[in-house]
Amino acid sequence: MTYALELGEAKGPFTVETELLYQPMNYRWVENLRKVHGTTPNDEAERFLRLHAETPNRPAVIAQDTSEEGGTLKNPAKPFVLEVATK
């Protein structure tokens, strides 16, 4: 992945910390199940929604990286664009 950040007048060096997160349960999917369960209740959905409500929905960190880079002039109209490529 490559990130391009507009830094305006800021001067480097810059430290960029990145994390790749995995969210095991998508919020929208659970809310859709809750809506369907409201119109067509069943024991399995009831049990799942109860367990989901009791479990913290924290993402898992899959990878992390830290990079220190200097600002570079990539486009005169938008000076100091920092590009960091993750490993």
At 1.4 Å probe size, with every protein chain present, just tell me what the per residue accessible area of segment 1-69 comes to in Å². 84
Highest mean first, what order results for 14-22, 56-64 on Cβ atoms within 10 Å? 14-22, 56-64
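The values are calculated or read from the model by the stated rules, or taken from the named source; none is laboratory data. Since the model is a prediction, treat every value here as computed from it, not as a measurement. A quick note on method: Cβ atoms are made from the backbone with ideal geometry, for glycine too, and the neighbour counts reach across all protein chains shown. Keep in mind that these areas ignore ligands, DNA and RNA; they rest on the heavy atoms of the full protein, side chains included. Shrake-Rupley method; radii C 1.70, N 1.55, O 1.52, S 1.80 Å.
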